Amino acid sequence: MNTDREGRILPRWEGAAPLDVVIGVMAFLAALALGASLVAERMAEGWRAGLAAGLTVQILPPAEGASPQWEKEADSVVAVLSTTGGIAKAQALSDADTRKLVEPWLGAGALVKELPLPRLVDATVAPGAAVDLPLLVRRLKQAAPDAIVDDHARWIQRLQRAADTVMWTSWGVLGLIALATAAAVTFATRAGLAANQDIVALLHQMGARASFIADAFEWHYLASALSASATGAAAAGVLFVAAGSLQVMGVEPVPFLPLLTLSPAELAWLVAVPACSGLIALATARLSVLAALGRIY
Amino acid sequence: MLRFENVGMRYGAGAEVLRDVTFRLEPGSFTFLTGASGAGKTTLLKLMFLQEPPTRGLISLFGCDLATARRSQFPALRRRIGVVFQDFRLLNHLSAFDNVALPLRLAGRQREDYSHDVEELLGWVGLAERLHAKPATLSGGEQQRVAIARAVVARPDLLLADEPTGNVDADIAQRLVRLFEELNRLGTTVLIATHDRSLLDRTRAKEVRLVDGHLVEMRAQRP
């Protein structure tokens with residue numbers, strides 16, 4: 001219907017360039033927010049999975065120096081854990097390894113060397129397996145009276161709350177930006193329609209059906225919003241790919257924080273931004289034209 | 001074809017522009033509508049081509065009472081009317097050819113089907129060399145001829161023209177009147193609003209005149 005050969009019913013770019021820029025920028029921000037939300041969700045899942053997949057057994061040092069009995073308890077704990085259902089692997093950390101763990105907070109001075117540290121046994125839970133914790137605690141108490149089991153429940157709870165907060169915050173920000181993008185697309189479409197009001201009136205006067213006019217407008221604004229928002233989303237995609245390239249270029253990632261890069265599957269989600277923008281423009285154009293036609297005789 | 005009974009029209013709370021207008025256009029008739037500036041000729045035409053509803057009275061078009069007709073019937077009624085607007089109302093982003101072809105596109109015809117007709121008509125109104133020119137590059141007279149070609153291209157049942165020769169010289173005006181007469185001979189009912197009395201003198205058409213909002217028959221159509 002609106003081929004170039006026939007001459008388009010609506011002028012292609014008249015007055016639309018600044019609005020296309022607005023749509024493009026909002027789509028860029030929406031795509032960034034969407035990408036950040038995907039990264040945040042992945043990070044939260046990683047935290048949960050990492051903590052839930054393990055448990056730690058501490059064997060507290062005796063009040064006065066190390067004793068042979070205390071040293072043996074670590075081996076007993078490993079033996080108990082190795083025969084516990086759901087535990088894939090159990091390994092006692094050496095004294096040196098334990099001291100390395102506290103080094104970032106307490107340093108490596110002489111004082112730390114004299115500090116009595118517990119022996120740690122790190123156990124990995126098999127994926128999808130459940131460990132009968134009360135039974136394990138009872139067995140460990142018999143094998144090693146000084147052992148304390150830490151199933152990370154306290155940490156998991158806190159981290160889960162933190163992860164949920166990060167995730168919902170990022171989805172909330174995405175929701176707000178999506179709302180602003182939808183408003184920008186709606187505004188741009190309505191402004192375009194207002195600028196072309198005389199064309200609507202003329203076509204109506206010449207006997208064009210409402211559906212013919214609505215079709216002409218909705219396809220026009222769909223194409224316009226699609227091209228502008230696809231440009232914005234593509235720019236955001238390039239940014240995420242570039243963030244991934246930083247590691248390749250030797251920039252070290254920040255500990256505890258994920259890389260702001262997206263996997264190919266996550267990048268594909270960015271297509272949703274122009275798709276939604278296009279649909280909003282299409283629906284706005286159709287409803288606005290039909291409403292405008294309803295107001296004239 | 002077209003019947004007005006006691007039609008009145010006012011804009012907002014203003015005075016009535018048209019008062020108790022009663023007349024009918026017979027099928028195949030050729031009528032000139034005259035009157036002083038501001039007499040209400042354009043308003044009367046707007047009622048005829050369904051741009052405005054009357055404030056009171058009855059209008060019947062192609063046998064359809066507009067007061068009781070469904071809105072969904074209006075597009076089909078409008079497609080049977082060709083209108084030459086006083087301000088042309090051409091689409092500036094379309095060429096002369098595409099502007100003229102617009103009513104045919106709205107009727108669902110394909111370019112291959114109407115291309116020859118449109119070119120021939122533009123040739124008839126003296127624009128054979130300006131087929132692809134945009135309205136902005138055309139003179140006032142050329143734009144008026146494109147507007148006339150657009151109004152007649154679909155061979156409407158009713159042609160309404162508001163000052164269709166206001167911007168052209170006498171030769172072109174004569175040529176355009178011949179076009180209207182030719183269309184009339186083919187069965188189109190024609191009504192032309194004009195100030196140009198020389199147009200009336202060259203035809204045998206009926207003349208109705210708007211005086212103080214009332215329509216008065218000044219001259220019957222001559223055989």
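The values are calculated or read from the model by the stated rules, or taken from the named source; none is laboratory data. What you see is a predicted model; the values in this text were computed from it and never measured. Positions of Cβ are backbone-derived with ideal geometry, glycine not excepted, and every protein chain shown enters the neighbour counts.
If I go through segment B:1-40 residue by residue, how many of them are touching a His at 6+ places or on another chain (Cβ under 9 Å) and closer than 27 Å to A:LEU203 by Cα?
1
Within segment A:92-114, is there a residue that is touching a Leu at 6+ places or on another chain (Cβ under 8 Å), of a type in the set (Phe, Trp, Tyr) and more than 30 Å from A:PHE28 (Cβ to Cβ)?
Within segment A:92-114 (the criterion being touching a Leu at 6+ places or on another chain (Cβ under 8 Å), of a type in the set (Phe, Trp, Tyr) and more than 30 Å from A:PHE28 (Cβ to Cβ)), the answer is no, since none of the residues qualifies.
In this structure, is B:PHE49 within 11 Å of chain A (Cβ to nearest Cβ), in contact (Cβ under 8 Å) with a residue 60 or more places away in the chain and either hydrophobic (A, V, I, L, M, F, W, C) or within 30 Å of B:SER198 (Cα to Cα) (or both)?
yes
Considering each of B:LEU61, B:LEU102 in turn, give the residue that is surrounded by 21 or more Cβ atoms within 10 Å (Cβ to Cβ), more than 10 Å from every other protein chain (Cβ to nearest Cβ) and either under 17 Å from the mean Cα position of the chain (by Cα) or hydroxyl-bearing (Ser, Thr, Tyr) (or both).
Testing whether each residue is surrounded by 21 or more Cβ atoms within 10 Å (Cβ to Cβ), more than 10 Å from every other protein chain (Cβ to nearest Cβ) and either under 17 Å from the mean Cα position of the chain (by Cα) or hydroxyl-bearing (Ser, Thr, Tyr) (or both) leaves just B:LEU61.
To keep it simple, each residue is scored yes or no on (1) of a type in the set (A, V, I, L, M); (2) in a helix (DSSP H, G or I); (3) within 14 Å of chain B (Cβ to nearest Cβ).
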{"position": "A:VAL200", "(1), (2), (3)": "yes, yes, yes"}
{"position": "A:ILE213", "(1), (2), (3)": "yes, yes, yes"}
{"position": "A:HIS220", "(1), (2), (3)": "no, yes, yes"}
{"position": "A:SER224", "(1), (2), (3)": "no, yes, no"}
{"position": "A:SER229", "(1), (2), (3)": "no, yes, no"}
{"position": "A:ALA235", "(1), (2), (3)": "yes, yes, no"}
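Could you tell me whether segment A:246-267 includes any residue that is assigned to a helix (DSSP H, G or I), modelled with pLDDT under 85 and either loosely packed, with under 12 Cβ neighbours inside 10 Å or among the aliphatic types (A, V, I, L, M) (or both)?
yes
Would you tally the residues in segment A:109-139 being among the acidic types (Asp, Glu) and surrounded by 14 or more Cβ atoms within 10 Å (Cβ to Cβ)?
Result for segment A:109-139: 1.
For A:THR56, only one of the following conditions fails: (1) closer than 17 Å to A:TYR221 by Cβ; (2) outside any helix (DSSP H, G or I); (3) at pLDDT 70 or above. What is its number?
Going through the list (1) closer than 17 Å to A:TYR221 by Cβ; (2) outside any helix (DSSP H, G or I); (3) at pLDDT 70 or above, A:THR56 breaks only (1).
Output the residues belonging to segment B:105-140 that are aromatic (Phe, Trp, Tyr) and within 11 Å of chain A (Cβ to nearest Cβ).
Matches in segment B:105-140: B:TYR114 only.
Can you tell me which of A:ALA163, A:ALA123, A:ALA144 is more than 29 Å from A:THR83 (Cβ to Cβ) and small (Gly, Ala, Ser)?
A:ALA163
Limited to segment B:8-52, what total is found for residues that are touching a strand residue (DSSP E or B) at 6+ places or on another chain (Cβ under 6 Å), over 29 Å from B:ASP201 (Cβ atoms) and buried (at least 21 other Cβ atoms within 10 Å of the Cβ)?
1
Of everything in segment B:66-99 that's charged (D, E, K, R) and within 17 Å of the chain's Cα centre (by Cα), which residue is surrounded by the fewest Cβ atoms within 10 Å (Cβ to Cβ)?
B:ASP87
Might you let me know whether segment B:32-44 holds any residue that is within 23 Å of A:GLY294 (Cβ to Cβ) and in contact with a Lys or Arg (Cβ under 7 Å, 6 or more places away or on another chain)?
Within segment B:32-44, none of the residues are within 23 Å of A:GLY294 (Cβ to Cβ) and in contact with a Lys or Arg (Cβ under 7 Å, 6 or more places away or on another chain).
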